[in-house]
Structures are given as structure tokens and as C-alpha cells.
Amino acid sequence: MVIFASCSDEDFNMTSTFVNSQSRATYTDQIPIELSTFRLDSVLTSAQNVMWVGRCEKPSLGHVCSQSLSRMSDLSSYGWAQKEKYDSVTIVLRHTGDYQGDTMKAITIDVQRLGEPLQFAVNESYFYNVRNFKDSTSIGHFSFVPRPHSRPRLRYRLDDSFGEELVAFIKEVNHLSSDVASKRFESIMGGVRVTYLGEPEALLAFRADSMKITLHSHIDRVENWKISRTISLKSTSMQFNRIWAEDTESPFDKLTKRNIRVTEQESNSHSMMFEGLGYYTCINFSSLKQLADENFFSHVVKAMIRIYPERDTYDKHEIPTTFYLTEINRYNALGDVIYNSSGGRVSATLVNNIIDEDEVFYYADITYYINTLLASGDEIDEDDGLVITWGSAMSPINYNYMMFNGHYATKYKSILEVYYYTYDRVLR
Amino acid sequence: MKFITIPMIEYSAKLKAIAASVVLMLSLTISAQNSTSSPYSLYGMGILAPKENAAAAGMGHTGVAMAPSDWINVANPAALSGLDSLTFYFNFQMKAFYAHEATPSDQQSVYSGNIDGITMGFRGSRWWAACIGYAPYSTVGYNMSEKKNIAGTTSWYDIYYTGSGGLQQAFFNNAFTFFNHITLGVGAGAIWGAINKKETADFSAVEITTFGPTVLLGGEKVYNLKKYTMNNWYVEYGIQFDFNIGKNNFRFGGTFADRTSMHSSYDHIVSNDISSELFFDDVTPLKEEFAVPRMYSGGFAYTRDKVTVTADYHFNEWSDVLNVKFGESVNFRDNHSIGGGLEWRCGKRDDPFYKRMTFRLGGYYESSYIKMRGVTLGTYAGTVGITIPMGRSQNSIVIGYEYRRRGTTFNGLVEEKFNNFKIALNIHETWFMKSKFD
């Protein structure tokens with residue numbers, strides 16, 4: 001049996017002579033989107049090994065302040081020798097080199113101990129609210145002048161009164177078992193708060209796992225017999241930054257509850273991104289529901305979102321080069337990061353317009369997300385949206401701050417760019 | 001005692017072999033329907049395929065007034081009167097083509113092939129002969145592309161139009177002969193099939209210049225498929241009569257088939273590489289959406305000795321049919337065609353096969369049922385054919401060749417030059433012969 005296979009050199013380029021197809025492709029950037037700001041966490045934010053300490057000024061927020069709270073480990077050893085003499089107590093911190101504000105002025109760091117152990121109310125994967133941390137007492141302070149991008153290891157002496165208190169405690173529990181001693185240790189060292197004194201103009205970042213408090217002693221009349229007992233960070237997951245804004249009358253003050261959003265219309269066509277304070281930018285696509293309802297009869301072949309950061313809120317040389325998008329519902333509860341059709345996480349890429357140097361924006365392909373929304377038709381919740389996060393997960397590892405231009409900004413407005421293919425539906 | 005008989009077990013095996021071949025061919029036909037390549041097949045039901053034997057194809061597609069004894073003429077239900085009463089006829093036919101298509105600015109070559117028909121016929125009595133068969137009714141096959149602008153940009157995307165499928169027909173023709181010279185025919189059959197029209201919008205190579213440098217948009221492909229499925233029964237009538245003047249035989253014939261509306265359905269499926277069903281809609285169109293037109297034909301054949309001259313005229317009332325035109329700027333109009341042929345039979349039955357060949361020659365003109373851009377599409381064809389006997393049997397191989405030109409490059413249309421080949425295997429088996437004892 002011979003069956004001929006059809007074959008042709010190529011497709012016939014007939015332009016539109018023969019085919020009068022009603023299908024068409026269209027580009028639009030006129031589909032309204034809306035940027036808004038909400039506050040995901042209002043008290044303390046897990047810092048994941050970064051201690052932010054200090055204070056600096058930010059547009060729309062006034063002064064932003066931060067201090068670090070950490071749960072500490074037990075003393076590395078107990079037992080006090082008969083001829084052992086106390087020498088000093090010191091703290092070691094390692095500056096990461098990250099900073100915000102003016103680093104040319106001295107900053108005074110104050111180290112405090114918490115009277116009771118930090119208690120956590122864990123209600124989410126990444127965010128922790130601490131409602132009951134107690135007043136603390138200073139155990140020492142020191143000043144230094146940071147230098148941009150330097151990573152000095154800082155070692156300062158703390159108050160001897162604290163050291164002597166530690167010695168007294170060790171002697172007191174000398175006859176107790178280590179378990180009991182450890183338990184009682186928490187009563188005098190529930191945690192450490194590293195904060196600032198005065199009105200500094202800079203925020204500095206330290207590696208949390210580098211923080212170490214050391215009790216130094218020696219055996220009397222025995223040369224070079226020095227003894228060190230250390231207190232370290234218990235876990236990087238037990239270190240938090242408390243960040244707050246002061247002296248502000250911004251539209252974002254109304255964000256006292258998690259389910260509130262400040263629309264870009266309420267905030268001068270801007271939204272805010274400040275992970276340290278828990279401020280996040282939400283992008284809504286409320287007009288898509290209308291499109292779906294109106295029998296769109298189209299398929300989106302490409303949907304790109306273009307988000308413009310406000311020029312004055314970032315340093316062009318240090319602006320993050322990417323961000324991720326995470327789903328959020330009307331109650332500002334977070335979902336998963338969004339994926340493309342290949343299963344990869346959608347990330348936005350920073351683009352610098354080579355023609356207009358002032359035009360800097362993030363560009364993300366959200367085709368799959370938009371088509372999924374449109375496919376859900378009537379089930380689209382207009383208040384669902386996407387949240388911008390710097391990390392691939394909701395883990396605010398840095399003190400990042402940025403304002404974004406909204407869709408209704410006069411220049412460099414954030415837009416949704418859609419290429420859609422409309423198919424003819426009628427029989428003839 | 002002189003004994004002449006046919007071992008029945010042998011014929012039973014042959015019959016089974018033939019039946020198996022038919023089933024196999026039909027199944028293959030269904031899976032390999034793309035037997036044309038023409039942008040003009042975009043419209044209506046596609047390019048109409050004449051229901052004919054390869055022998056008729058070599059004679060300018062004539063045959064309305066022929067009643068051959070050595071092949072099954074399906075051009076007229078009444079054309080079976082010439083079949084031999086002791087012979088079972090089987091015809092298996094294939095078609096192949098090589099085409100060159102051109103516009104003022106573009107051209108392409110294409111070739112393909114497919115089964116063109118299967119027919120079995122016999123004479124049941126002095127006054128009745130019949131045949132059953134399968135043949136394509138129309139074929140759709142085209143590949144076209146263009147670039148379209150993305151509205152609101154200066155970017156372009158590729159769009160590909162492909163068509164496939166077509167309609168098939170199965171028929172049962174009966175010829176009833178009265179007074180030796182008048183034959184009435186009636187054919188009943190079914191037409192069915194599906195036409196797929198697919199539009200692929202490819203955005204993967206789209207370049208955009210939204211923010212300075214040209215970058216690849218990297219969009220997806222969207223497939224927009226429209227599938228038209230249709231079927232119905234139809235009836236065709238035919239007549240032939242002949243008379244002799246001396247050694248000259250004159251035969252006239254005619255056929256008629258009324259307009260037949262098709263039961264049809266329509267599926268519209270939009271998909272992409274991720275989802276097989278972005279959109280699905282199925283609509284059963286009105287019965288008037290698709291129809292086979294009313295058809296008339298008349299023919300004449302003159303035979304003297306070894307020479308036969310034929311002429312046919314066909315008229316199809318397409319203007320009365322509201323077939324779906326897919327929104328194209330095309331009008332249907334009545335379709336006329338005329339053809340003429342000449343056949344020369346050599347030798348005698350006892351001659352070697354190379355002296356018993358039959359040669360054919362013909363010409364053909366058709367004004368298409370499609371009128372585009374004010375141009376009525378014309379088709380001109382020249383045909384030749386040959387019948388090659390197989391050994392001393394009556395079996396033969398029939399070859400018909402046609403050079404066909406269709407369309408024009410005027411007004412942005414396409415001119416097509418086809419080299420069409422039809423090859424048929426005619427098997428004659430002596431059946432119905434009774435044993436005779438002396």
C-alpha cells in the first residue's frame with residue numbers, strides 16, 4: 001500500500017489576499033491596575049541573622065528607627081574556681097557593611113539585657129509578634145564611626161556591674177546541677193536588646209550570629225591562666241528587629257491593622273515597600289474581572305508588569321536588581337509566589353532605559369498569572385493581588401525601603417502591558 | 001465430457017482479499033485526506049474532486065455518455081449498461097500531484113497523493129447492472145502564512161493558516177436497461193467528512209522596542225481551530241440512450257442530482273502549548289449552512305470501430321447554495337465545465353498486450369464556483385491516458401495524466417499549475433459462469 005506524504009517547500013506567504021481572518025493581536029497598557037500599601041507586620045520582624053540598629057530619615061515616613069532583640073544561649077560553662085578572679089565582660093559585634101543614612105557621624109550603641117526570656121507568638125512562617133518583652137537595663141554602651149562598606153569586628157567592654165552580677169550568679173549556682181543553673185540563668189539574661197542612644201543619622205547592620213558576650217577571668221597567681229565564658233545568640237531564628245517610624249504624619253499611619261490598605265490615590269500616587277517596617281506594596285488587577293465578564297474572547301499571549309520605583313527613594317548603584325511576586329488575598333493573607341507556565345518562579349528584572357537614564361523600572365512576565373485569573377471568570381476577587389517581595393519568599397532579610405509610582409502617577413507610572421490575541425467567535 | 005468450471009473456493013478467497021483491501025483502503029483514506037494543495041480550497045467545501053475512473057480522466061474528464069465494457073464508469077449511474085454479465089469488476093485508483101503555485105511575489109511547489117477511489121461492479125441480469133464505490137467528493141489542503149501587525153505597536157507576529165480534510169462519498173449505482181438502447185440509472189449514496197481550518201498565531205519571535213533596544217517578546221503560540229463536520233444521503237439520476245447508423249454508434253447521456261442540505265456541526269477550539277482548550281464552542285449550524293448544489297450534466301459519445309469521441313457539459317447550481325465562506329471576500333456562482341475526449345483502442349483480444357493498449361486524449365475547461373476579487377477562476381486542462389493490459393487477461397492498469405492550470409496572478413490571486421496523475425488497477429474476474437457439460 002502506497003500512501004503519499006504531502007510535502008511543500010514552505011508556507012505560502014499570501015498576505016491577506018485569501019484569508020480574511022477576524023482574529024487580531026493587540027497591545028494595550030491601558031488596563032488599569034492599582035498599587036496600594038499595607039502593613040503585614042506591625043511589631044517585630046524576623047531579621048534572619050541581620051541586626052539593624054540605628055535611626056535615619058526616610059521620605060514619607062520621617063525617622064525610621066530600629067533595634068535588635070535576641071534570645072541568648074546559656075553560659076558556656078559554670079563553676080567558679082576558688083582563686084578565680086573576675087577581669088571584664090565584653091561584647092563582640094561584626095558590622096556587615098550595610099547601612100542606611102549618614103555613616104560619617106558617630107553612633108552610640110547601647111547594649112541592654114532583658115529581664116525575662118523573649119516569648120514568641122508564632123502565627124506565621126516568617127513573622128513573629130512579641131507582645132510581652134519587658135523593660136530592659138543597659139549593660140554597656142559604646143560609640144564608633146562607621147565607614148561605608150567596611151566590615152569591622154567591634155569588641156567593646158561592657159559594664160563591670162553586669163560582669164560582677166554574672167560572677168555572683170555563677171557562684172550562687174555553683175552547687176546546682178547544670179540544668180537547674182541553666183534554667184535560672186534565663187532569669188537574669190532573658191535576651192539582649194541592641195539599640196542606640198541619642199539621635200543618630202544612620203542605621204547599621206550587624207551579623208546576629210557574630211554577637212558574643214564574653215566573661216573574662218583568671219586564676220590568681222597563675223600566670224596566663226585565663227578563663228572565658230561566652231554567651232552567644234541562641235539561634236538566628238530567635239533574633240528580631242523592632243523597627244518603627246517616628247515624627248511622621250504620613251498617609252500610612254492608618255495602617256494599624258493588617259487588613260487595611262492605603263491606595264495610591266490616598267498616598268499621592270505612590271505605594272511603599274519597607275520590609276523592615278512590614279510595609280508592602282500590593283498590585284491589584286480589578287479591571288480584569290470586568291474583562292472576563294464582558295466575554296473577552298481573547299487570550300493573553302504576553303502580560304508584563306512594569307513597576308517604577310520613585311526616583312528619590314533608591315540609590316541607583318544599590319537598587320536591588322530583582323523582586324518576586326507573591327499572591328495575596330483581600331485580607332492581606334499571603335499565598336505562594338507566582339510561577340510561570342514552566343513552573344519557575346516569576347521574578348522582576350531591573351531595566352535601565354539606555355535612552356532615558358531617569359527611566360528605571362522593574363519588568364516581570366505575569367502572563368500565566370493573568371491568564372489564570374481570566375480563566376477563573378466570575379470567581380475573580382477584585383481585591384486579590386500580588387505583593388512585591390525582595391526575596392523569593394516572604395523573608396525580610398534586609399532593611400529595604402522603596403517607594404513606587406502608582407498607575408495614576410503623572411510620569412513613569414506603573415503599568416500592565418498586555419499583548420492579547422482576539423479570536424473570531426462567530427460562524428461567519 | 002467437456003468440463004468448464006471455476007473453482008469456487010478460489011473465488012471465495014479472492015473475494016475476501018478484495019473485501020479486505022477495501023476495508024484497509026477506506027481506513028487509510030480516512031487518515032490520509034490531504035490530497036490537494038491549493039489556497040482556493042480554503043473556501044466552501046474545498047476543491048471538488050470529479051468522481052471518475054482514471055480512464056475518463058485521460059479523456060478530458062468525460063464519460064456521461066459512455067458505457068464501457070472494460071472499466072466501471074461512475075460518471076453516470078446509467079453508464080453501467082456496458083458491463084459484461086460474466087465479469088466482476090474491481091477498480092482501485094490512486095492520485096498523485098505535483099503543483100507549482102505562484103503569486104506575483106511568491107511561489108511554492110508541493111506534491112502529495114492519496115487514494116482516489118475504489119469501485120466494484122457487476123451485471124446482475126440482462127437489464128440490471130450495479131456498482132458500489134468510494135470516492136473523494138472534495139479536498140481541502142493549504143498552508144499559508146503572513147505577518148500581522150500587533151495593533152498599538154510597530155511589531156509584527158507570524159500567523160499560519162492551514163487547512164485539511166474534505167468530504168468523501170460512498171455510492172451505490174444501478175442501471176436499468178430497456179429496449180436494449182435506453183438505460184435509466186439511479187445512484188444513492190452518502191457524503192460525509194470534516195474540514196479543519198486552523199489558524200496559528202505565533203508570538204514567539206515577536207520583537208518589541210518598548211524600552212530602547214529591540215528585545216524578543218517571547219510570547220506563546222495560539223491555535224485557533226474551526227472544524228466543520230457534515231454528512232447526509234444523496235440521490236443521483238442518470239439516463240443514456242444510443243443508436244447506430246451503420247458502423248457508427250451514437251450515445252447520449254445525462255445526469256441530475258437535486259440540491260442536498262447537509263447535516264453539519266461546528267467546533268471552535270482555541271488552544272496553546274499549555275492548555276488544549278482555552279476556549280471551546282460547538283454550534284450545530286442551520287441545515288442551510290452547508291449544501292451540495294443541484295447538478296446537471298449532459299454528454300455525447302460517438303464510436304466507430306476502435307475510436308470513441310466524447311464531449312460532456314456540467315452545470316452545478318452553486319449560486320443557490322449558502323455555504324459557509326468563513327468571512328472571506330468570495331462569492332459562489334454557478335459552475336460550468338466542458339470537456340472533450342478521444343479514445344483509440346488498438347489490437348484485438350488475442351494480440352500481445354503491447355498491441356492491445358488503449359490511448360486517450362482530452363481537454364477540459366471549468367469556470368470555478370468561486371469568484372474572487374471580481375475574477376472568475378478558470379481551470380484549463382489537457383489530458384492524456386493509457387490502458388496497459390496485464391498479460392493476456394482482461395486486467396489492466398489505467399493511467400491518466402493531466403496538466404491543469406487554475407487561477408491567475410491578476411489582482412493578487414494565485415496561479416496554480418498541476419501535474420495530476422491517476423493510476424487505476426482494473427481487475428476483471430470471470431464470475432457467474434455456470435458449469436457446462438457436453
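The values are calculated or read from the model by the stated rules, or taken from the named source; none is laboratory data. Predicted, not measured: the structure shown is a model, and the values here were computed from it. Here Cβ is always computed from backbone atoms with ideal geometry, including for glycine, and neighbour counts include all displayed protein chains. Accessible surface areas use protein heavy atoms only, side chains included; no ligands, DNA or RNA. Shrake-Rupley method; radii C 1.70, N 1.55, O 1.52, S 1.80 Å.
Total buried accessible area between B and A, probe 1.4 Å, nearest 100: 5200 Å². A cut-off of 5 Å between modelled amide H atoms, ignoring neighbours fewer than 5 places along the same chain, links residue A:50 with A:208.
Once both labels are positioned 7 Å from their Cα atoms along Cα-to-Cβ, the gap between residue A:209 and residue A:378 label points is 5.4 nm. Viscosity 1.306 mPa s, temperature 10 °C: give me the Stokes-Einstein translational D for segment A:44-246 in µm²/s, with Rh taken as the Kirkwood radius over C-alpha pairs. Approximately 89 µm²/s, per Stokes-Einstein. A cut-off of 5 Å between modelled amide H atoms, ignoring neighbours fewer than 5 places along the same chain, links residue A:139 with A:111, A:112, A:113. The convex hull around the C-alpha trace of chain B, projected and averaged over every direction, spans 25.6 square nanometres.
Between residue B:190 and residue B:256, the simple spin-label model (points 7 angstrom out along Cα→Cβ) gives 2.7 nm. Dipole magnitude for chain B: about 1780 debye, using +1 per Lys or Arg Cβ and -1 per Asp or Glu Cβ, origin at the Cα centre.
When only the Cβ of Lys, Arg, Asp and Glu is charged (+1, +1, -1, -1), the dipole of segment A:315-390 relative to its Cα centre reaches about 320 debye. From the alpha carbon centroid of segment A:330-353 to that of segment A:224-268 is 25 Å.
Proximity of backbone amide H atoms, modeled 1.01 Å from N, is registered between residue A:116 and A:134, A:190 at under 5 Å, excluding neighbours fewer than 5 places apart on the same chain. With springs only between Cα atoms under 10 Å, which of B:58, B:412, B:238 fluctuates most in a Gaussian network model of chain B? Taking springs between Cα atoms under 10 Å, the residue moving most is B:412. Sequence-ordered 3J(HN,Hα) estimates for segment A:205-221 from the Karplus curve with 6.51, -1.76 and 1.60 and θ = phi - 60° stand at 10, 10, 6, 5, 6, 8, 5, 8, 9, 10, 9, 9, 8, 8, 8, 4, 6 Hz, glycine and proline given as x. Helical content of chain B, expressed as a calculated mean residue ellipticity at 222 nm, amounts to -2000 deg cm²/dmol (DSSP H runs of 4 or more residues, -39,500 (n - 2.57) each, divided by residue number, nearest 500). Among B:106, B:334, B:242, the residue with the largest mean-square fluctuation in a Gaussian network model of chain B, with springs joining Cα atoms closer than 10 Å, is B:106. Using R₀ = 25 Å, calculate the FRET efficiency as 1/(1 + (r/R₀)^6) where r is the Cβ-Cβ separation of residue A:82 and residue A:226; round to 0.05. In this case the efficiency is close to 0.90.
For the options B:216, B:278, B:342, a Gaussian network treatment of chain B with springs between C-alpha atoms closer than 10 Å singles out B:216 as fluctuating the most. Helix B:8-31 and the longest principal axis of the Cα set of chain B meet at an angle near 20°.
Where Lys and Arg each count +1 and Asp and Glu each count -1, what net charge lies around residue B:187 among other residues with Cβ under 10 Å from its Cβ? Value of the local net charge: 0. Taking 7 Å steps out from each Cα toward its Cβ at residue B:147 and residue B:277 produces label points 3.7 nm apart.
Cα extents for segment B:48-95 along the principal axes, largest to smallest and rounded to whole angstrom: 33, 22, 16. Measuring nothing but how far apart in sequence close Cα pairs (under 8 Å, 6+ apart) lie, relative to its length, segment A:44-246 scores a relative contact order of 45 percent.
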